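**Student:** Below: one structure in structure tokens.
Throughout, read-outs are computed from the coordinates displayed, never taken from laboratory work. Just so it is clear, the model here is predicted, and its values are computed rather than measured. Virtual Cβ from ideal backbone geometry, glycine too; neighbours counted across all protein chains shown.
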Amino acid sequence: MDLVEFLVKTVTIVAVFGLTLVIAMYSTWAERKVAGFIQDRSGPNRAGWGGLLQPLADAGKMFFKEDFIPALANKWLFIAGPSLAMLTALLASAVIPFGSTFRIAGHEVPLQGVESNIGILYVFGVVALGVYGIMVGGWASNNKFSLLGAIRAASQNISYEVAMGLSLIAILMMSSSLSLGEIVAQQHGMNWNIFYQPLGFIIFITCSFAECNRVPFDLPECETELVGGYHTEYGSMKLGFYLFAEYINMFISSAIISVLYFGGYNYPGMDFVYEQLVKSLGTEVGHNIATLIGTAVFFGKALFFVFFYMWVRWTIPRFRYDQLMNLGWKKLIPLAIINILITGAAVLFLKPAITAWLN
Amino acid sequence: MNSAVSFFYFLSFLTILSAVMVVVSRNPIHSVLYLILTFFTLSGHYILLNAQFLAAVNIIVYAGAIMVLFLFVIMFLNMKQDQEEAKTNLTKIAATIVGGTVFVILFGAYRKTAIEPFNPQTYDSQVGMIENLGHMLFREYLLPFELASILLLVAMVGAVLLGKREIGERHF
């Protein structure tokens, strides 16, 4: 591999990493602002303008607190838990296509860390690993509430992964590609998957709520039953990592939802905008500005879903644990299988019929 | 030595080390975690062989699902180091003989196996890619593939039947 290519890749990956972290950081601020708005109060407003420095103040507080490890805890695994949670949360951002390409001196630089022909499988694998951070941390705490929280989290993640995978299969049948870049490119011109897969989208978003341990499925940290769930024994930055990993997961899953169902960086009228920009500013600058607009649209969609997570958190009460399991196994999985059957029939019979009729 | 070969040696070292640690660790949770590390390094080997689909599926199925269940059961059983029952000398001798025999068989098989020489003209580096794998599975090996899926379905139905609560049984 030549050095320039390597440097470009490094810069892209570091940028994607940094961007994910900053967005997760400001999600904590946004969460409290949204909570304040919904509950008719002002939220954080002391540190900086509109409380904008609040995440920094929180991080400072977390770092300076005493780093405590319980006497009977398994020391190494107690530290490994939050580290694993952060690691798996950050891994998934590598394959997300944030935009089309930049043209710099005749080179096309894709706005994506790694373009891989197994993109969505990679994301799925990383999501499946997300449960280890919680399980290891919960067990190592040597506390029965932590252990119960960890076990709840693990069984919930495994159960909802099945329905999530099945709802993805319907998308893959339509796109016949596992690459995220390819899936986005196919949705060009308002061919967004949400119009073809409304049921799949609902299943997917429900499962992503469960995978992120967010309300209404936040039973692993249900205070009324489990004190604090898997992070009962944690304090200082180790607790901070667990909470932070949740926000990173939220952003990643929002980005994946907008890539899979809402066309990623595509927006209506993008060809017209592209032509105008190229005509007035030349092929290089015009192309780059068009790409930037697409990236902004992508972030708009992803951040809308982050907002949606918060909106739901302050609107819907928590499920009971048996209700959660029944929803996952007895409702979502059969629905996802029906969705696959319908999609298969539509791809086989309906699509040729409509193409023939349109011609 | 080029970078791929040195990376291969590094990965192999890591694989063998973590596999040995699975056996040597006293704490069963540590064993499970080392086993997960072993699966990761095996996935690394698959990627070196350009079999990306196999690498991803290995992570999803083994590291993502099966090992979580292993960890689950071990955590519930709450095995402590001091509760481990002492092994008698007879068990130790029997285990050594069995392990040694397996090693001798594997070594003999390895020595007798003729590895097909690598031919750059006929070798297709894209054979592990998902499109080629799909064509292979659904054209040439369709019947075995479907039979395997039916076998899995039967196993799944059996598991559900075993786990089902019978009429009149107590609700906990």
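**Student:** Can you list the lysines whose alpha carbon sits under 20 Å from that of residue B:164, skipping same-chain ones fewer than 8 residues off?
**Tutor:** The reachable lysines, counting only those whose Cα sits under 20 Å from residue B:164, are A:330, A:331.
**Student:** Using +1 on the beta carbon of Lys and Arg, -1 on that of Asp and Glu, and nothing else charged, what's the dipole of the protein assembly as shown about the Cα centre, debye to 20? Show your work: numbers first, answer last.
**Tutor:** On the way: 31 positive and 32 negative charges, 198 e Å.
About 960 debye.
**Student:** Name the shape class, rounded, prolate or oblate, that the alpha-carbon gyration tensor gives for chain B, where a ≥ b ≥ c are the square roots of its eigenvalues, rounded holds for a/c under 1.5, and otherwise prolate holds if a/b is larger than b/c and oblate otherwise. Could the numbers behind the result be given before it?
**Tutor:** Details: a/c = 1.90, a/b = 1.21, b/c = 1.57.
Oblate is the answer for chain B, as a/c is 1.5 or above yet b/c matches or exceeds a/b.
**Student:** Would you tell me the mean number of C-beta atoms belonging to other protein chains that fall within 10 Å of each C-beta in B:64-75, as a whole number? Walk me through the numbers before you get to the answer.
**Tutor:** On the way: counts 12, 6, 0, 3, 10, 3, 0, 8, 7, 0, 1, 8.
Taking the mean over all residues of the peptide, I get 5.
**Student:** Here's something else I'd like to know. Could you please rank A:107, A:287, B:30, placing first whichever residue has the fewest other Cβ atoms within 10 Å of its Cβ?
**Tutor:** Values: A:107 11, A:287 19, B:30 16.
Starting with the residue having the fewest Cβ neighbours, the order is A:107, B:30, A:287.
**Student:** Next question, about the same structure. Please identify the helices of chain A, taking whole runs of DSSP H, that span at least 30 Å along their own axis as judged from the Cα atoms and have a mean Kyte-Doolittle score of 0.5 or higher. Don't skip to the end; give the middle numbers.
**Tutor:** Numbers: long enough: A:3-38 (51 Å, 1.38); A:119-140 (33 Å, 1.82); A:144-175 (46 Å, 1.05); A:236-260 (36 Å, 1.29); A:283-313 (45 Å, 1.08).
Going by DSSP H runs, the hits are A:3-38, A:119-140, A:144-175, A:236-260, A:283-313.
**Student:** Work out from phi, with θ = phi - 60° and the Karplus expression 6.51 cos²θ - 1.76 cosθ + 1.60, the ³J(HN,Hα) of each residue of region B:43-52, listed in order in whole Hz, and give x for Gly and Pro.
**Tutor:** Listing the rounded values in order: 4, x, 4, 4, 5, 4, 7, 6, 10, 5 Hz.
**Student:** Set Lys and Arg Cβ to +1 and Asp and Glu Cβ to -1, take the dipole of chain A about its Cα centre, and tell me which of A:123, A:359, A:28 lies farthest positive.
**Tutor:** Result: A:28, furthest along the dipole toward the positive end.
**Student:** Give the order of B:54, A:281, A:332 when sorted by the count of other beta carbons within 10 angstrom, beginning with the fewest.
**Tutor:** A:281, B:54, A:332
**Student:** Per DSSP helix of 4 or more residues, -39500 (n - 2.57); summed, then divided by the residues of chain A. What does that give at 222 nm, rounded to the nearest 500? Show your work: numbers first, answer last.
**Tutor:** Details: 15 runs with 242 residues, N = 359.
Computed mean residue ellipticity for chain A: -22500 deg cm²/dmol.
**Student:** Can you tell which of B:70, B:103, B:39 shows the greatest fluctuation in a Gaussian network model of chain B with Cα springs below 10 Å?
**Tutor:** B:103
**Student:** Please give the net charge around residue A:219, taking every other residue with its beta carbon less than 10 angstrom from that of residue A:219, where Lys and Arg add +1 and Asp and Glu add -1.
**Tutor:** Values: positive: A:152, A:318, A:320; negative: A:218, A:221, A:225.
Its environment carries a net charge of 0.
**Student:** Given A:290, A:184, A:196, which one lies farthest toward the positive end of the charge dipole of the protein assembly as shown, if we put +1 on the Cβ of every Lys and Arg and -1 on the Cβ of every Asp and Glu?
**Tutor:** In the protein assembly as shown, that residue is A:196.
**Student:** Considering every residue in A:130-138, what mean count of other chain Cβ atoms within 10 Å of its Cβ is obtained? It would help to have the intermediate numbers written out before the result.
**Tutor:** Values: counts 1, 5, 8, 0, 0, 6, 5, 0, 1.
Average per residue, whole number: 3.
**Student:** Let me ask something additional. So for A:90, B:142, fewest C-beta neighbours within 10 Å to most, what's the order? Before the final figure, lay out each step's value.
**Tutor:** Details: A:90 20, B:142 11.
Ordered by Cβ neighbours within 10 Å, fewest first: B:142, A:90.
**Student:** OK, next. Among rounded, prolate and oblate, which fits region A:57-358 when a ≥ b ≥ c are the square roots of the eigenvalues of its C-alpha gyration tensor, a/c under 1.5 means rounded, and a/b larger than b/c means prolate? Before the final figure, lay out each step's value.
**Tutor:** Working: a/c = 2.53, a/b = 1.50, b/c = 1.69.
It is oblate, given that a/c is not under 1.5 and a/b is not larger than b/c.
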